[in-house]
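The values are calculated or read from the model by the stated rules, or taken from the named source; none is laboratory data. Computed from a predicted model, the values in this text were never measured in an experiment. Note that we place each Cβ from the backbone using ideal geometry, even for glycine, and neighbour counts take in every protein chain shown.
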Amino acid sequence: MEGTMTAPGMVAGRAQRERAESFRDHNRTVFETQRRARRGPTPEIFFTKHLDNSRIVKADDPERRKEMRSFTVAMSILFLLVMTYVWQHFSSIEVGYNIEAKKLQVEKLREENRQLHLTEAQLSDPDRIDRIARQLGLDTPQPGQVVRPDGSFSSSAPVLAEVQVSPAILQ
């Protein structure tokens, strides 16, 4: 790659190297002058100094304490207000979800109720009941065979005689 470089490229690379060397020489001379300017022939040595601050007592500042109390109260009130807002917001979202769930449930129950009414109408159709009765071998009732749930007979049918025995006779 270096064989393909032109003369101007080689000159630019040489100029950069010379400039870097001149900076290096300059930094070296500055460092040497600073080292000679130091005290004594040895380099500087730093020692750690341990300070005992355990006997220092912080002065009480009533003004600062009052400011901190009022700041704490203000921040507590602000925090409570924000938390109340957040609680109400999430509660309203939860109530909205509950309402939507109840609406879906009501719609499902309405559809089920509609289906049950249709099934009831189909099953209580007199023609259907008559067809099933004929398939089972049943025929139209004869007079006096129909007894109503309240215990009465139909008015067009003849009434059978009924004997009532008093309880005194049975003893």
Hey, any hits in the range 140-150 for a residue that's among the small types (Gly, Ala, Ser) and exposed (fewer than 10 other Cβ atoms within 10 Å of the Cβ)? no
Would you confirm whether any residue within the range 50-63 is assigned to a helix (DSSP H, G or I), modelled with pLDDT of 90 or more and exposed (fewer than 10 other Cβ atoms within 10 Å of the Cβ)? yes
